[in-house]
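Participant: Please see the structure below; I have some questions.
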Amino acid sequence: MMPRGQEQPFGGRLHLTLDARAGSVEAGDVQVDDRRAEVSVAYAPSETVLLTLGVPALSRTILSPAGSLERTSLGDVELGLHVVRVTRFEGGLIQRFGVFAALKLPTAPLEHDASGVVLSSVLQPGCGSLVPAAGADYVVSKGVLAVYGGASLWLPFAVREGPHAGESLRANVGAQWQPLRTVAMRAGTFARLDAAGTLPGDVDDPNSGGLVGYAAGSVVVTPLTDFTVEAGVLYPALQLLRGEHREGAIAALTLGVDL
């Protein structure tokens, strides 16, 4: 799966995306089954600048010894700015280098389990913080093959009471093979290294922080001009997480259209 914002800007391009994902996370004796649908808008005022807005909606099942709860809410809204430079070489080789900045807003609510106990920072629907981020990415392609990767640093600043996520370093590497004009296949890895989060009262969250690495694969189909469908799976092949914290596989479906 190619992270949002790593697509190529085209001057005047407006791109709409619906990204649907389903997965689960466990922390202590609580499990959250998460279903997420995010609508994002990307506008390119020029061939080097991409502006993005992502608005996620969440439907979650919270399972604990006290019972089960169903919750529907807004997630953390994300704003982004991506600046790229494309270089074309003889022989058809194309490389693109980009830098980007993002800001997550604390628009998700604070959530509790069925007994009223506040959820761990890793189970919350949002960070409860303003989270600025910065990073860089690179894509090189020739013919039917492309290789891409990127890294970013996310730094949360708490703005309200409750659990808060820690700093996060993220990186991805992937490749794409496009044997047909309308079909492409992607495979890659995504890793996230998190600092420990906190619980209310600025207490250390023992079930947060650590390293998780996902193996990802997807198929991209373009059934119509300017319309793409990508279906894939992310599997947590590496989990070096603190405490009683486990993450499950994620199924993903993305629909994109250029206007």
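The values are calculated or read from the model by the stated rules, or taken from the named source; none is laboratory data. The structure displayed is predicted, hence computed values, not measured ones. Using ideal geometry, Cβ is built from the backbone for each residue, glycine included, and neighbour counts are taken over all protein chains shown. Just so you know, the surface numbers come from the protein's heavy atoms only, side chains and all, with ligands and any DNA or RNA stripped out. Shrake-Rupley method; radii C 1.70, N 1.55, O 1.52, S 1.80 Å.
Participant: If we keep just the residues of the range 198-214 that are more than 23 Å from residue 134 (Cα to Cα) and out of contact with any Pro (no Cβ under 8 Å at 6 or more places or on another chain), which is least open to solvent (accessible area, probe 1.4 Å)?
Facilitator: Restricting to residues being more than 23 Å from residue 134 (Cα to Cα) and out of contact with any Pro (no Cβ under 8 Å at 6 or more places or on another chain), the top hit is 207.
Participant: Same structure again: Of everything in the range 8-31 that's open to solvent by less than 40 Å² (accessible area, probe 1.4 Å) and modelled with pLDDT under 85, which residue is nearest to the chain's Cα centre (by Cα)?
Facilitator: Per the stated criteria, the residue is 9.
Participant: How many residues does the range 116-151 contain that are more than 18 Å from residue 203 (Cβ to Cβ), in contact with a Gly (Cβ under 8 Å, 6 or more places away or on another chain) and among the small types (Gly, Ala, Ser)?
Facilitator: 7
Participant: Tally the residues that are open to solvent by less than 40 Å² (accessible area, probe 1.4 Å) and either without any contact (Cβ under 8 Å) to a residue 24 or more places away in the chain or in contact with a Lys or Arg (Cβ under 8 Å, 6 or more places away or on another chain) (or both), restricting the search to the range 157-173.
Facilitator: The number of residues fulfilling the criteria is 1.
Participant: Sticking with this one: Select from the range 32-53 the residues that are at pLDDT 95 or above, of a type in the set (Val, Ile, Thr) and open to solvent by 40 Å² or more (accessible area, probe 1.4 Å) and list them in ascending order.
Facilitator: 39, 41
Participant: Moving on to the next point. In the range 132-155, how many are in contact with a Leu (Cβ under 7 Å, 6 or more places away or on another chain) and open to solvent by less than 30 Å² (accessible area, probe 1.4 Å)?
Facilitator: 2
Participant: In addition: Being of a type outside the set (A, V, I, L, M) and over 19 Å from residue 198 (Cα atoms) is the filter here, so list the residues in the range 233-259 that pass it.
Facilitator: Those that are of a type outside the set (A, V, I, L, M) and over 19 Å from residue 198 (Cα atoms): 235, 236, 239, 248, 254, 256, 258.
Participant: Further, regarding this structure: Provide a single number: the residues in the range 195-231 that are assigned to a strand (DSSP E or B), free of Cβ contacts under 8 Å to residues at least 60 places away in the same chain and either acidic (Asp, Glu) or farther than 20 Å from residue 122 by Cα (or both).
Facilitator: Adding up the residues that qualify gives 13.
Participant: Checking residue 253 against (1) open to solvent by 60 Å² or more (accessible area, probe 1.4 Å); (2) of a type outside the set (S, T, N, Q); (3) over 22 Å from residue 190 (Cα atoms); (4) touching a strand residue (DSSP E or B) at 6+ places or on another chain (Cβ under 6 Å), only one condition comes out false. Which one?
Facilitator: Here residue 253 clears every test but (3).
Participant: Any idea which residue in the range 177-197 is nearest to the chain's Cα centre (by Cα), counting only those that are more than 19 Å from residue 29 (Cβ to Cβ) and open to solvent by less than 30 Å² (accessible area, probe 1.4 Å)?
Facilitator: 188
Participant: Can residue 86 be described as touching a Lys or Arg at 6+ places or on another chain (Cβ under 8 Å), touching a residue at least 60 places away in the same chain (Cβ under 8 Å), farther than 23 Å from residue 255 by Cα and of a type outside the set (Ser, Thr, Tyr)?
Facilitator: Yes; evaluated as a whole, the condition is true for this residue.
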